[in-house]
1. Kindly provide the set of residues from the stretch 506-557 that are part of a loop (DSSP other than H, G, I, E, B), under 28 Å from the mean Cα position of the chain (by Cα) and within 20 Å of residue 442 (Cα to Cα), ordered by number.
2. Please verify whether residue 97 is assigned by TED's automatic domain parsing to the domain that holds residue 213, under 27 Å from residue 217 (Cβ atoms), part of a loop (DSSP other than H, G, I, E, B) and touching a strand residue (DSSP E or B) at 6+ places or on another chain (Cβ under 8 Å), treating the condition exactly as stated.
3. When residue 157 is evaluated against the numbered criteria (1) over 27 Å from the mean Cα position of the chain (by Cα); (2) closer than 30 Å to residue 299 by Cβ, which criterion, by number, is the only one it fails?
4. So which of 537, 549 is surrounded by fewer than 18 Cβ atoms within 10 Å (Cβ to Cβ) and without any contact (Cβ under 8 Å) to a residue 40 or more places away in the chain?
5. Regarding the stretch 84-91, can at least one residue be identified that is over 28 Å from residue 155 (Cβ atoms) and either buried (at least 17 other Cβ atoms within 10 Å of the Cβ) or modelled with pLDDT under 80 (or both)?
6. Could you please let me know if residue 475 is in contact with a strand residue (DSSP E or B) (Cβ under 6 Å, 6 or more places away or on another chain), over 19 Å from residue 310 (Cα atoms) and either assigned by TED's automatic domain parsing to the domain that holds residue 560 or assigned to a strand (DSSP E or B) (or both)?
7. Among the listed residues 269, 275, 311, which satisfies the condition of being part of a loop (DSSP other than H, G, I, E, B), buried (at least 24 other Cβ atoms within 10 Å of the Cβ) and either at pLDDT below 90 or not assigned by TED's automatic domain parsing to the domain that holds residue 202 (or both)?
8. Residues of the stretch 422-447 being outside any strand (DSSP E or B) and either touching a strand residue (DSSP E or B) at 6+ places or on another chain (Cβ under 9 Å) or within 22 Å of residue 387 (Cα to Cα) (or both), which ones?
């Protein structure tokens, strides 16, 4: 039996880099990993970027700019000698020829008397002809930008640091953890410097600024100056309003130096229920939506076809999502933590994420070894030691009394459970290719729903064992289950007639709403002792359903069969 793990959200951002090291060591047959040496820098005079539109003469009284979004500190001449941050490189769909640059730097906001340099390094995406070009760079403005020749792609874990050295030079450090390269360049400034400010920002480069590319949702982990969190130095937010029409908004920053920047308001997920789904767009984009009118929110990442994201609401507000990337690795992204775990996942499987009411979260997934694995930001990847049935996915729930419980189909075709309460073979046969769902009540007990090898919906608890329900399920589909605030559970599933069906403490009925074949609904309990369901309709649109409103189309297209929405309150 594994030991229960409960994590503090406050620790997440500061442990991201440590987790990266732990994960790299624990990777189960990690795929798509490239080991490359340091490549020569490429000087591109044609890409000279007098990018800095922030005014000289101290901090602006207006935090709105036309080309920056993020945080900065200004402490006067000589105040800062280092700035650092980490992020997951976003995917840019490139609907037009736009640009986005992500960087850390010193002296972006300079005081009077010196028109000196800006010392910075980061990553950038240039869109041309509908295609993104990803690259890494540094710049000692007013000198031209210098582009590194290393590979860079969406989903890469990036660490960037600028350090003022004692000899007057600057060390510009950039590391791609995912593609295993490091650049550490010592450069002398072309003009006198002040070290008076430090910045962690997303930018629309150019003078005047070019249109800002839609990068979706971006998390900056462990942002710090002089080795201290930006919050300790009184960092101030910067809001971007691009004259070309784009905008970007930073979130609040926590004590560990984590904050997010959202392109426009489209990914600013605030409110409930939260829904995550795979979009129908060519880029296989991961999208999160919020309460009606379900305007959607591009999450700035790509998701593997035939997989489903998982989303959980954090007890203090906000959310975390887990999903399988097109490189078959597990990525977690959200309002408190963002990281590519670099842990390989089995094809055609999906992770499950749950947040503890005491703070922290845990992800369960099938590794590309076929085993059940867990991931937490502080613990990295940990194998459970149990083999899973090929093509199936686990389901995890956080227990009100502490710890987690996971349900999954074992390689023997049985329902299996592992966690704080029990680790055992329930000796109940499951239909091949299907996955169970698990939910826990306020009392700390849990209930599992699954499709038995007879094709019937079953529900299982520790007290009653497996109980057959009088409903058959569509072949190759799996149910979803939610605990209700007033007690009891409700299960949603696709019936053999292709309709959304619901069984539980509130109602047993055929909702008479057609579902896309080979897809599953998601369900969550909502206040008032009721529930809400999200599902892909047979029209290909994302739908929601409640007892009060019935079925409502969001008019958002999903990626077709074999992918389903996830919902959390």
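The values are calculated or read from the model by the stated rules, or taken from the named source; none is laboratory data. Everything numeric in this text was worked out from a predicted model, so none of it was measured. Cβ atoms come from the backbone with ideal geometry, glycine included; neighbour counts cover every protein chain shown.
1. Passing the criteria: only 527.
2. yes
3. Among (1) over 27 Å from the mean Cα position of the chain (by Cα); (2) closer than 30 Å to residue 299 by Cβ, residue 157 violates only (1).
4. 549
5. Among the residues of the stretch 84-91, not one is over 28 Å from residue 155 (Cβ atoms) and either buried (at least 17 other Cβ atoms within 10 Å of the Cβ) or modelled with pLDDT under 80 (or both), which makes the answer no.
6. Judged against the criteria, residue 475 is not a match.
7. 269
8. Result: 422, 423, 431, 432, 433, 434, 435, 436, 441, 442, 445.
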